[in-house]
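Some notes on the structure that comes next.
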Amino acid sequence: MGSTYTRKRPRADFTPEEREAYKARKQADKQIAIHAREVGAALLSQSVELIDGFRVYASRVMGHRTLGNALGMLAQNPQATRVNSAFFWGKEGRAVRKEAESIRVLAKRKGNKIVESTNETTGETEQTVEGKWSGWTAERVFDVRDTVPNKKPCKHCGTEPGETCPDSCAMYEPVTGPVPTREEVEELLDSILRDAGGFCLEFLDAEDSDEDDGE
């Protein structure tokens with residue numbers, strides 16, 4: 001029988017102080033993820049020749065995440081090839097290096113609305129569920145090159161736990177998904193940069209025309 005992973009929410013046993021610290025860290029991570037998108041959008045809007053390269057990059061790092069997250073990843077780690085959570089890498093027999101710098105992304109979450117009230121009879125605080133909630137929070141993810149074999153040798157190259165796999169290891173091979181279209185990237189840039197006047201689609205068209213003329 002193979003071992004199974006049971007995921008426990010990190011805040012399950014938090015004290016009130018730990019819970020507040022956790023919320024503050026999540027909020028800070030969310031701001032980093034949002035700012036990274038803006039940085040990535042500004043980069044592509046100023047260097048439109050990078051858009052096709054970004055499309056290939058996004059096809060590797062997106063997975064189940066959004067194109068906006070891929071843009072934020074580009075700003076934080078343009079060399080990334082396979083990106084996932086520490087929990088995911090654990091299921092792959094990998095551990096994240098202690099010194100690894102995480103990549104912050106936005107993640108959709110939903111759950112029950114928990115309301116606290118005081119029982120007038122007992123004087124104790126009770127929690128009740130009143131409806132549902134959904135929204136965006138932050139998640140920390142890591143590139144595959146920030147991981148090492150965990151408890152067993154690497155299943156691809158045999159590298160011992162805790163050691164760095166060689167560049168030839170199949171673990172590092174990019175896993176490519178659908179390549180986003182240029183139109184999808186343009187719409188994303190326009191949405192993110194709207195407050196600054198939007199992404200100039202006419203300028204991009206002019207760039208394409210110049211390239212056609214030069215052929």
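The values are calculated or read from the model by the stated rules, or taken from the named source; none is laboratory data. Keep in mind that what you see is a predicted model, and the values were worked out from it rather than measured. Note that we place each Cβ from the backbone using ideal geometry, even for glycine, and neighbour counts take in every protein chain shown. Side chains are part of the model used for accessible areas, which takes the heavy atoms of the whole protein and leaves out ligands, DNA and RNA. Shrake-Rupley method; radii C 1.70, N 1.55, O 1.52, S 1.80 Å.
Out of A100, A95, A138, A107, one residue alone is within 27 Å of M73 (Cα to Cα), assigned to a loop (DSSP other than H, G, I, E, B) and not β-branched (V, I, T). It is A100. Taking the criterion of being without any contact (Cβ under 8 Å) to a residue 24 or more places away in the chain and basic (K, R), the residues of segment 21-52 that qualify are K23, R25.
Checking the structure you have, find out if any residue of segment 65-76 is more than 17 Å from P180 (Cβ to Cβ) and in a loop (DSSP other than H, G, I, E, B).
The answer is no; no qualifying residue exists.
Checking segment 125-137 against the condition returns a match, with at least one residue being at pLDDT 75 or above and open to solvent by less than 50 Å² (accessible area, probe 1.4 Å). Of the residues contained in segment 42-57, none is found to be small (G, A, S), on the phi < 0 side of the Ramachandran plot and open to solvent by less than 10 Å² (accessible area, probe 1.4 Å). Annotation: of all residues in segment 116-135 being among the charged types (D, E, K, R) and assigned to a strand (DSSP E or B), the one that is nearest to P16 (Cα to Cα) is E116. Could you tell me whether segment 83-91 includes any residue that is in contact with a helix residue (DSSP H, G or I) (Cβ under 9 Å, 6 or more places away or on another chain) and modelled with pLDDT under 95? Scanning segment 83-91 turns up no residue that is in contact with a helix residue (DSSP H, G or I) (Cβ under 9 Å, 6 or more places away or on another chain) and modelled with pLDDT under 95.
I'd like to know if segment 96-111 contains one or more residues that are open to solvent by 60 Å² or more (accessible area, probe 1.4 Å) and under 13 Å from the mean Cα position of the chain (by Cα).
Of all residues in segment 96-111, those open to solvent by 60 Å² or more (accessible area, probe 1.4 Å) come to 98-99, 101, 108-110.
Those left that are additionally under 13 Å from the mean Cα position of the chain (by Cα): 101, 108.
Yes, that holds for at least one residue.
Scanning segment 162-187 for residues that are open to solvent by 60 Å² or more (accessible area, probe 1.4 Å) and among the β-branched types (V, I, T) gives T164, V175, T176, V179.
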